[in-house]
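Below is one structure; the comments refer to it alone.
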Amino acid sequence: MEKVNEIFFKKIITELSFLSKKCKIKSVMLTGGRTAKNLYKLWSYSPEFDYFIDSSFYFGDERCVSSHSNKSNFKMAVNSLSYASKKILFSRIKGEAIDPFKEALEYQKKLPEILDLLLLSVGEDGHIASIFPGSSIIKSNQKME
């Protein structure tokens, strides 16, 4: 990991720690990708992660693959947070479901009405939370029903 990224990640972890001391974080939505992977590794080993032990962790983006696939953001997060992952509760969307739309609706029911913390990262192509540049959903204000 580059030194600049490590400094940046430590700053994020410091901010997460400050936030968690200020208010109880009960729900955290994780992001995927290489940047998140490196952040999660550092975060899980930091003493500040203990503030999140009683939190529930959700996923803002997941691919339509098995949780054992190397393309799974769930697998990446669990592996990257390996030091702390045995202490925390993950709720995941089943990427391997036969009907991804139906599974998304089921997962939506598991999500809290309000998230305390939402982590997002930007992909190399500019996508955020699996919303890609030029997607029609960017201009939509419709909630998925």
* Asked: When only DSSP loop residues count, what GluC sites (Glu not before Pro) in segment 1-68 have their Cβ near at most 16 other Cβ atoms within 10 Å?
  -> Glu2
* What residues have an amide H closer than 5 Å to that of Phe59, excluding those fewer than 5 places away on the same chain, when H is modeled at 1.01 Å from N in the peptide plane? -> Leu30, Ile93
* Whichever aspartates and glutamates have a C-alpha closer than 15 Å to that of Lys37, once near sequence neighbours (fewer than 8 apart) are set aside -> Glu2, Glu6, Asp61, Glu62, Glu124
* Rounded to 5, the percent of DSSP beta bridges in the chain classed as antiparallel -> 10
* What is the helix-to-structure angle for 34-45, meaning the angle in degrees between its Cα long axis and the longest Cα principal axis of the chain, kept from 0 to 90 and rounded to the nearest 10? -> 40
* Asked: Can you list the aspartates and glutamates whose alpha carbon is less than 14 Å from that of Lys11, not counting same-chain residues fewer than 8 positions off?
  -> Glu48
* **Point-to-point label distance, Ser67-Phe90, nm (Cα→Cβ direction, 7 Å offset)** => 0.7
* To do: Match the structure shown to one of the listed values (i) 14.0, 44; (ii) 13.8, 39; (iii) 15.5, 44 of Rg and Dmax of the Cα atoms in Å, computed from it, and give that label.
  => (iii)
* Asked: Mind checking the angle between helix 100-110 and the chain's longest principal axis? C-alpha axes, 0 to 90 degrees, to the nearest 10.
  -> 50
* To do: Once you've got the Cα coordinates, tell me which of Lys71/Lys102; Lys10/Lys139; Lys41/Lys139 are over 28 Å apart.
  => Lys10/Lys139; Lys41/Lys139
* With axes computed from alpha carbons, what is the tilt in degrees of helix 3-22 against the longest principal axis of the chain, rounded to the nearest 10 within 0 to 90? -> 90
* **Loop sites in segment 74-139: trypsin sites (Lys or Arg not before Pro), DSSP, at most 10 other Cβ within 10 Å** => Lys86
* Structure fact -> Residue separation between Leu105 and Tyr83 times 0.36 nm, minus their alpha-carbon distance, gives in nm 4.8 nm
* Structure fact -> For Arg63, the accessible surface traced by a 1.4 Å probe with all protein chains present amounts, in square angstrom to the nearest 10, to 120
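The values are calculated or read from the model by the stated rules, or taken from the named source; none is laboratory data. Predicted model only: the values in this text are computed from it and were never measured. Reconstructed Cβ throughout: ideal geometry from the backbone, glycine too, with neighbour counts over all protein chains shown. With ligands, DNA and RNA removed, areas are computed over all heavy atoms of the protein, side chains included. Shrake-Rupley method; radii C 1.70, N 1.55, O 1.52, S 1.80 Å.
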